[in-house]
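A short reminder: the numbers here are calculations on the coordinates, not readings from a lab. As the structure is a computational prediction, the values presented were derived from the model and not from experiment. Here Cβ is always computed from backbone atoms with ideal geometry, including for glycine, and neighbour counts include all displayed protein chains.
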Amino acid sequence: MHYIATFHTHLGAMTFKNRLQAMGDTEAVMMPVPRALSSSCGTCVRFSLAFDQAAMYDEDLERVVREENGVYTTLYENDD
């Protein structure tokens with residue numbers, strides 16, 4: 001199981017990926033947003049650490065989904 005986070009800006013995605021790697025997620029990578037999802041900047045971060053809103057919150061974070069067997073389940077959505 002993996003998670004995908006989308007962002008309002010490319011810089012937000014880069015910052016988030018770096019934070020996840022500092023937290024020990026060696027699988028965190030930036031990639032294009034899958035077609036089934038949409039994003040303002042077109043870049044997302046795919047990661048393996050369980051999503052923790054308090055520890056991973058970023059004002060540039062748009063949405064976080066859990067990806068399991070090709071099915072996306074929304075865990076967090078920034079309404080701002």
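Amide H contacts under 5 Å for His2: Glu67, restricted to partners 5 or more places along the chain or on a different chain, H placed in the peptide plane at 1.01 Å from N. In percent, rounded to a whole number, the relative contact order of the chain is 40, using alpha-carbon pairs under 8 Å and six or more apart.
The chain: longest stretch without exposed chymotrypsin sites (Phe, Trp or Tyr not before Pro) (DSSP loop, at most 15 other Cβ within 10 Å), sites themselves excluded? Free of exposed loop sites, the longest segment is 1-50. Does the chain come out rounded, prolate or oblate by the C-alpha gyration tensor, with a ≥ b ≥ c the root eigenvalues, rounded set by a/c under 1.5 and, if not, prolate when a/b is larger than b/c and oblate if not? Rounded shape, in that the Cα axes give a/c under 1.5. Loop-located GluC sites (Glu not before Pro) across the chain with a Cβ neighbour count of 16 or fewer within 10 Å are Glu27, Glu59, with loop assigned by DSSP. Here the extension length gained between Ala36 and Asn18 equals 4.0 nm, from 0.36 nm per residue of separation less the Cα-Cα distance. Ranking Val71, Met56, Thr9 by Cα position along the charge dipole of the chain, where only Lys, Arg, Asp and Glu carry charges on their C-beta atoms, puts Val71 farthest toward the positive end. Dipole magnitude for the chain: about 300 debye, using +1 per Lys or Arg Cβ and -1 per Asp or Glu Cβ, origin at the Cα centre.
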